[in-house]
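The values are calculated or read from the model by the stated rules, or taken from the named source; none is laboratory data. It should be emphasised that the depicted structure is a prediction, and the values quoted were computed from it without experimental measurement. Cβ placement follows ideal geometry from the backbone for every residue including glycine, while neighbour counts extend to all protein chains displayed.
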Amino acid sequence: MSHIFPRNSRAAPPMVARGDGVYLIDTDGKRYLDGSGGAAVSCLGHGDPQVTAAIKAQLDRVAFAHTGFFTSDPAERLADMLIDHAPAGLDRVYLVSGGSEAMEAALKLARQYFIEIGQPTRHRVIARRQSYHGNTLGALATGGNMWRREPFAPLMIETTHISPCYAYRGRAEGESDWDYGQRVANELEAEIARLGPDTVMAFVAEPVVGATLGAVPPVEGYFKRIREICDTHGILLILDEVMCGMGRTGTLFACDQDGVVPDITAIAKGLGAGYQPIGAMLCTAKIHDAIADGSGFFQHGHTYLGHPVAAAAALAVLTRLTEGGLADRARVMGERLQSALEAAFGQHPHVGDIRGRGMFRGMEFVEDRETKRPFDPARKVSARLKAAAFEAGLICYPMGGTIDGRQGDHVLLAPPFILEDAHIDEIVDKLGTALARAI
Ligand code: PMP
């Protein structure tokens, strides 16, 4: 009997034996193409020699030194490199161990900032429905996946949710993308007015929505309008790039493509690429200095902040993404993946939408293409697709997201950026097999 929990099913999953580029191999020797990089984590694939060498070298120097006493060379260099590549205006880095931790730190930083600048009434957060920001209590409160939140609702910080920017389902008949984007962005202004501007501290959103909607990018102009509204009302914009950041969408930061700079951003997943657990929160000098020049101390912290081995791994990952050109490759190969998916499934009677940016693609499945009617949740289409794809040797990330109170089905494809054309053919072939079996 295994002592590990949780398990998604009674049957134990296969045991992973090793990784080889875009493949994971189990102890029976079966190979799985890692079409979702786990959950958009393994951006470099498995067994990257540069990253493993960097980890080993750091372990030989020193594994751990508490940030209450020391800084470390890899942590300092990682922070410098992140800021060199971050949108202009983001100037300070706080290194944590994962995505939820980065979001938790972002929320607390925002709150402390307003206390320091003499606006202590600001504590409310506005976020979006059908979003995910992590599983710790603050991050979970911010997320708009009602099923995940519900049992823990009594423990949560005050957050309200507006519509996501989800053109496939939200755009009205005859409405332009632009008008749709402005309309849903303006929901933020209405919500601020309803709550009272002096009580709101932050608006939180994923630039490209990951797990909950399946790689849904915003329409043009949406985030610029959001930025404007935040500025008008003195509210901080927190962008969660935990899943869509670090080159996943073809630029190192996803928000680069929307022409906005957040006040705070959270990254993780691709930053460690699965080689080490690491995340980071980046913020502007204005926020940092308000605290540094005020009480002097961000009232937060975890034991493994700035862990030297995790930082060394992330530094090597970031070097591969930038100097190694892999973030650019994600853009180019991601477009080829989109074209291949459209060619194979664009006319499929149950494929409603194929979307995304860079190496971050989603397919939404519907009962009826014309009306976009989702499948009955009882059919568990996305779960069956995941199982059928896995059986065929393809890993893809499934989700039944809530759409107007109903479950909708999609899968997320987020392969490693080292993907070759032959792998795209293999993804399409295996997805085709899975679709034929599952629907
Ligand atoms: N934000 C987003 C957008 C995510 O996709 C995730 C993880 N799926 C998180 C936050 C939480 O990250 P972690 O699981 O590393 O805590």
Q: Give me the pairs, please: first residue somewhere in segment 141-164 and at pLDDT below 90, second residue anywhere and polar (S, T, N, Q) and in a loop (DSSP other than H, G, I, E, B), beta-carbon distance under 6 Å, and either six or more positions apart or on two chains.
A: Asn145/Thr212
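Taking Ile395, is it within 17 Å of Pro13 (Cβ to Cβ) and surrounded by 21 or more Cβ atoms within 10 Å (Cβ to Cβ)? Break it down stepwise before answering.
On the way: within 17 Å of Pro13 (Cβ to Cβ): yes; surrounded by 21 or more Cβ atoms within 10 Å (Cβ to Cβ): yes.
The answer is yes for Ile395.
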Q. Can you name the residue in segment 184-209 that is farther than 18 Å from Ile264 by Cβ and among the small types (Gly, Ala, Ser) and, of all such residues, is nearest to the ligand (Cβ to nearest atom)?
A. Ala185
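Quick test for you: out of Val351, Val317, pick the one residue that is at pLDDT 95 or above, surrounded by 14 or more Cβ atoms within 10 Å (Cβ to Cβ) and within 16 Å of the ligand (Cβ to nearest atom).
Details: Val351 fails: within 16 Å of the ligand (Cβ to nearest atom).
Every option except Val317 fails the conditions.
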(Q) Yes or no: segment 43-57 includes at least one residue that is outside the structural domain of Tyr275 (by TED's automatic domain parsing), within 16 Å of the ligand (Cβ to nearest atom) and buried (at least 21 other Cβ atoms within 10 Å of the Cβ). (A) yes
Q) Considering segment 16-30 alone, what residues qualify as being over 13 Å from Gly393 (Cα atoms) and charged (D, E, K, R)? A) Arg18, Asp20
**Q.** Top-ranked residue of segment 96-133 - restricted to ones that are touching an Asp or Glu at 6+ places or on another chain (Cβ under 7 Å) and either assigned to a helix (DSSP H, G or I) or of a type in the set (Gly, Ala, Ser) (or both), ranked as surrounded by the most Cβ atoms within 10 Å (Cβ to Cβ)
**A.** Met103
Q.
Going through Asp60, Asp80, Asp84 one at a time, which residue ends up being assigned to a helix (DSSP H, G or I), within 25 Å of Phe223 (Cβ to Cβ) and away from the ligand (no atom under 16 Å from the Cβ)?
A. Asp84
Q) How many residues are without any contact (Cβ under 8 Å) to a residue 24 or more places away in the chain and either in a strand (DSSP E or B) or hydroxyl-bearing (Ser, Thr, Tyr) (or both) when one looks only at segment 362-378? A) 3
**Q.** Elements of type strands (runs of 3 or more DSSP E) contained in segment 217-312, each with 1 or more residues being touching a residue at least 60 places away in the same chain (Cβ under 8 Å) and away from the ligand (no atom under 14 Å from the Cβ)
**A.** 236-240, 279-284
Q) For residues in segment 134-151 being assigned to a helix (DSSP H, G or I) and near the ligand (Cβ under 10 Å from one of its atoms), which is farthest from Glu101 (Cα to Cα)? A) Thr142
Q) In the set Gly356, Gly400, Gly352, which member is outside any loop (DSSP other than H, G, I, E, B), outside the structural domain of Arg248 (by TED's automatic domain parsing) and over 30 Å from Ala273 (Cβ atoms)? A) Gly352
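Being out of contact with any Pro (no Cβ under 6 Å at 6 or more places or on another chain), over 17 Å from Val242 (Cβ atoms) and surrounded by 15 or more Cβ atoms within 10 Å (Cβ to Cβ) is true for just one of Thr136, Thr71, Thr67. Which residue is that? Talk me through it step by step, then tell me what you get.
Numbers: Thr136 fails: over 17 Å from Val242 (Cβ atoms); Thr71 fails: surrounded by 15 or more Cβ atoms within 10 Å (Cβ to Cβ).
Just one listed residue meets the conditions, Thr67.
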Q: Give just the number: which of (1) within 21 Å of the chain's Cα centre (by Cα); (2) within 20 Å of Leu59 (Cα to Cα); (3) of a type in the set (D, E, K, R) does Glu76 not satisfy?
A: (1)
Q: Just give me the residues in segment 126-138 being more than 22 Å from Gly181 (Cβ to Cβ) and in contact (Cβ under 8 Å) with a residue 40 or more places away in the chain, in sequence order.
A: Gly134
Q. Filtering segment 96-126 down to residues that are more than 11 Å from the ligand (Cβ to nearest atom) and of a type in the set (A, V, I, L, M), which residue is farthest from Gly234 (Cα to Cα)?
A. Ala105
